[in-house]
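Enquirer: Handing you this structure, nothing more for now.
Every number in this text was worked out from the coordinates using simple rules, so none of it is lab data. Since the structure is predicted, the reported quantities are computational estimates derived from the model, not experimental observations. Methodologically, a virtual Cβ is constructed for each residue, glycine included, from the backbone with ideal geometry; neighbour enumeration extends over all protein chains shown.
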Amino acid sequence: MKNFSYIILSTLVLFCNCKNDDDLFIEEEEELILTENIETYNGDLVENSLVFAVENGGSKSYLLDKSGNKVKEWSFSDNLGNDLELLPEGQLLGIFKVDDPAFFFGGYGGLIKIINDDGSTDWEYEYASSNYIAHHDVELLPNGNVLFLAWEKIDTPEAQSNGVSTTNPIYPEALIEVNPTTNEIVWQWRSFDHIIQDQNAAASNFGSVSDNPQLIDINYDVIDNGDLMHANGIDYDSDKDIIYISVNYYSEVWVIDHSTTTAQAATNNGGNYNKGGDLLYRFGNPSAYKNTEGARLFYNNHFPNLLEMNEPGAGNILVYMNGVNNNQSVVYEFEMPTNFDLISNTDNEPSVVWSFTDAELFHGRISGAVRLRNGNTLIAEGDYGFWEVTQNGDIAWKYNGLGPNYWRCYNYNLDDQEILDLNLE
């Protein structure tokens with residue numbers, strides 16, 4: 001159902017078996033007025049919840065109802081560095097762009113903020129210098145600390161001595177955890193501590209890539225600007241104390257042990273899994289570690305979204321696969337293995353339990369998906385807007401954003417504490 005401004009939800013006319021016309025009762029019809037942005041609305045399938053729309057690199061965000069109305073809007077003095085999340089007590093956690101960064105790539109930020117409902121800043125932390133910058137994604141951990149992605153600069157001589165085939169500096173990924181009460185960095189993980197290369201026997205980290213799936217082939221995708229990995233999303237599993245990282249240029253999701261100390265995270269031992277900061281697991285693209293088994297599913301990817309206990313499919317993970325190989329995006333739901341194993345030349349890929357695609361679903365950048373309480377999946381197609389689809393693949397709802405690009409969307413039910421604390425009228 002497309003290009004309409006309203007839909008009649010119900011018109012009920014009840015006729016009594018009476019002779020007297022006075023006994024005829026007509027109930028007033030109810031109308032749901034839909035905005036011009038709504039291109040599909042299937043009232044029997046759509047969930048009555050709110051969409052938190054995060055514009056890509058913009059200076060605003062808003063809550064959207066399923067009729068297409070913006071029920072609350074926020075504007076910011078700084079442009080978003082991508083992620084923004086709604087917290088209880090009406091607060092927002094987001095990553096914003098610093099002025100005049102020493103280096104940057106798409107999705108750069110450098111400034112982490114917690115913003116109050118009145119627009120004032122509750123907490124601010126800058127992570128940007130000539131050697132590092134925060135980017136893309138930020139997560140509030142159950143312990144109250146803030147976790148985010150960062151690029152760190154490795155100068156050319158150091159990169160070359162470690163076997164990187166480059167004539168320029170490189171910018172591999174790091175994870176940084178900050179205590180917002182003290183502004184102290186309490187934990188970090190550096191991808192550069194866990195690399196391998198098979199191109200220069202005289203340099204460090206030389207070895208067999210295929211025999212070491214727990215390590216990162218640092219020469220998998222060397223590009224001139226040095227942005228080798230371009231991670232773009234994180235999610236935290238509190239039950240297992242692990243972190244999922246979407247690594248766009250490797251077309252993979254990596255799993256990192258968060259239970260380590262910072263010192264252990266730089267090694268291959270320690271932590272709950274006794275593997276230090278080595279990759280516990282990886283999936284999406286076996287060719288990234290020269291694995292001869294397992295099918296490649298990802299051609300660029302975003303938003304590793306772990307499904308929570310109150311969501312259908314709890315424990316599984318949703319990933320938006322951009323599909324730059326054939327201009328066709330796919331949302332996958334994976335069942336995570338009980339035990340994380342990475343075995344050479346073995347199919348290490350997880351099981352696909354659900355997926356959705358459509359001839360009209362494609363964006364090669366940004367985007368993501370979340371699971372709704374009724375089992376539907378809400379998809380942010382970055383250059384279009386939002387889809388709500390059922391487990392059977394039926395399209396329940398589509399919202400055309402008519403202009404801005406969308407980093408992601410999040411879903412909130414009307415009785416969620418984050419919504420109640422906003423005191424919406």
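Enquirer: Between residue 158 and residue 394, what FRET efficiency follows from the Cβ-Cβ distance if R0 is 60 Å, with the result rounded to 0.05?
Expert: Between residue 158 and residue 394 the formula returns 0.65.
Enquirer: Another question, then. On a full-extension model of 0.36 nm per residue, what is the gain between residue 241 and residue 357, subtracting their alpha-carbon distance, rounded to one decimal in nm?
Expert: On the way: separation 116, 0.36 × 116 = 41.76 nm, distance 3.14 nm.
Contour length minus Cα-Cα distance gives 38.6 nm.
Enquirer: While we're here: Which net charge results when you count Lys and Arg as +1 and Asp and Glu as -1 among the other residues whose beta-carbon is under 14 Å from that of residue 174?
Expert: Values: positive: 153, 190; negative: 137, 152, 173, 177, 193, 227.
Cβ neighbours under 14 Å give a net charge of -4.
Enquirer: Return a whole-number percent for the relative contact order of the chain, with Cα pairs under 8 Å and 6 or more residues apart as the contact set. Mind showing how you got there, number by number?
Expert: On the way: 1112 pairs, mean separation 54.8, N = 425.
Relative contact order comes out at 13 percent.
Enquirer: Now for a separate question. Throw me the Rg/Rh for the stretch 237-310, computed over C-alpha atoms with Kirkwood Rh, two decimals.
Expert: Details: Rg = 13.4 Å, Rh = 13.2 Å.
Across the stretch 237-310, the Cα-based Rg/Rh ratio is 1.01.
Enquirer: With N set to the number of residues, divide the alpha-carbon radius of gyration of the stretch 154-284 by 2.2 N^0.38 Å and report two decimals.
Expert: On the way: Rg = 14.7 Å, N = 131, 2.2 N^0.38 = 14.0 Å.
Compactness ratio reported: 1.05.
Enquirer: Here's something else I'd like to know. To make sure I understand, if each residue's beta carbon is the centre and we count other beta carbons within 10 Å, what order do 283, 206, 334 fall in, fewest to most?
Expert: 206, 334, 283
Enquirer: Once the convex hull of the alpha carbons of the stretch 325-425 is built, what does its volume come to per residue, in cubic angstrom?
Expert: Once divided by residue count, the hull of the stretch 325-425 is 166 Å³.
Enquirer: Here's another thing I want to ask about it. Please name which of 306, 247, 178 has its Cα lying farthest along the dipole of the stretch 50-420 towards the positive end, using unit charges on Cβ (Lys, Arg +1; Asp, Glu -1) and the Cα centre as origin.
Expert: Sorting the options by dipole projection puts first 247.
Enquirer: Taking the Cβ of residue 276 as the center, what net charge do the other residues with Cβ under 15 Å away carry, scoring Lys and Arg +1 and Asp and Glu -1? Before the final figure, lay out each step's value.
Expert: Details: positive: 190, 275; negative: 193, 241, 257, 278.
Every neighbour counted, the sum reads -2.
Enquirer: Let me ask you something else. For residue 328 paired with residue 126, estimate the spin-label separation in nm (one decimal), with each label point 7 Å from Cα along the Cα-to-Cβ line.
Expert: According to this spin-label approximation, the distance is 4.8 nm.
Enquirer: Could you list 136, 258 in order of exposure, starting from the residue whose Cβ has the fewest other Cβ atoms within 10 Å? Let's see the in-between values first.
Expert: Working: 136 28, 258 22.
So the residues, fewest neighbours to most, are 258, 136.
Enquirer: Please report, to two decimal places, log10 I(q)/I(0) for the chain at q = 0.10, 0.13 Å⁻¹ as given by the Debye formula with identical point scatterers on the Cα atoms and no solvent.
Expert: Debye curve over Cα of the chain, log10 I(q)/I(0) at q = 0.10, 0.13 Å⁻¹: -0.70, -1.15.
Enquirer: With only Lys, Arg, Asp and Glu charged, each at its Cβ (+1 for the first two, -1 for the last two), find how big the charge dipole of the stretch 50-420 is about the Cα centre; round to the nearest 20 debye.
Expert: Numbers: 18 positive and 53 negative charges, 102 e Å.
For this selection, approximately 500 debye.
Enquirer: Using 10 Å bins from zero, what percent of all Cα-Cα pairs in the stretch 32-190 falls into each bin?
Expert: Values per bin, smallest distances first: 10, 33, 28, 18, 9, 3, 0.
Enquirer: Net charge within 10 Å of residue 45 by Cβ-Cβ distance, Lys/Arg positive one each and Asp/Glu negative one each, not counting residue 45 itself? Please report the intermediate quantities before stating the final value.
Expert: Numbers: positive: none; negative: 44, 47, 388, 394.
Local charge sum for residue 45: -4.
Enquirer: For the stretch 174-184, just list the computed ³J(HN,Hα) in residue order, Karplus coefficients 6.51, -1.76 and 1.60, θ = phi - 60°, integers in Hz, with x standing in for Gly and Pro.
Expert: 9, 10, 10, 10, 10, 7, x, 6, 10, 6, 8
Enquirer: What ³J(HN,Hα) values, in whole Hz, does the Karplus curve 6.51 cos²θ - 1.76 cosθ + 1.60 give for the stretch 112-127 when θ = phi - 60°, with x put for Gly and Pro?
Expert: 9, 9, 10, 10, 6, 5, 8, x, 6, 8, 7, 8, 9, 9, 9, 10
Enquirer: Restricting to the chain, compute how many DSSP beta bridges are antiparallel as a %, nearest 5. Don't jump to the answer; show the numbers that get you there.
Expert: Details: 104 of 108 bridges.
Roughly 95 percent of the DSSP beta bridges within the chain come out antiparallel.
Enquirer: Which whole-angstrom value gives the distance between the alpha carbon centres of the stretch 126-182 and the stretch 238-275?
Expert: Spelled out, the Cα-based centre of one part sits 15 Å from the other.
Enquirer: Once label points are set 7 Å from the Cα along Cα→Cβ at both residue 314 and residue 167, what is their separation, rounded to one decimal in nm?
Expert: About 5.6 nm separates the two model spin labels.
Enquirer: Here's something else I'd like to know. List the residues of the stretch 252-285 whose backbone N lies under 17 Å from a point placed 7 Å from the Cα of residue 204 along the Cα-to-Cβ direction.
Expert: Taking a point 7 Å out along Cα→Cβ of residue 204, the residues of the stretch 252-285 whose backbone N falls under 17 Å are 263-269, 277-278.
Enquirer: Placing unit charges on C-beta atoms (Lys and Arg positive, Asp and Glu negative, everything else neutral), compute the dipole magnitude of the stretch 335-425 about its Cα centre in debye, rounded to 20. Numbers along the way, then the final one.
Expert: On the way: 5 positive and 15 negative charges, 35 e Å.
Dipole of the stretch 335-425, to the nearest 20 debye: 160 debye.
Enquirer: Show that you can apply the helix-only estimate: for the chain, add -39,500 (n - 2.57) for every DSSP H stretch of four or more residues, divide by all residues, and state [θ] at 222 nm to the nearest 500.
Expert: Working: 3 runs with 14 residues, N = 425.
Only helices count here, giving -500 deg cm²/dmol.
Enquirer: Still on this structure: Taking the simple approach of a point 7 Å from Cα along Cα-to-Cβ for both residue 221 and residue 60, what is their distance in nm?
Expert: 3.3
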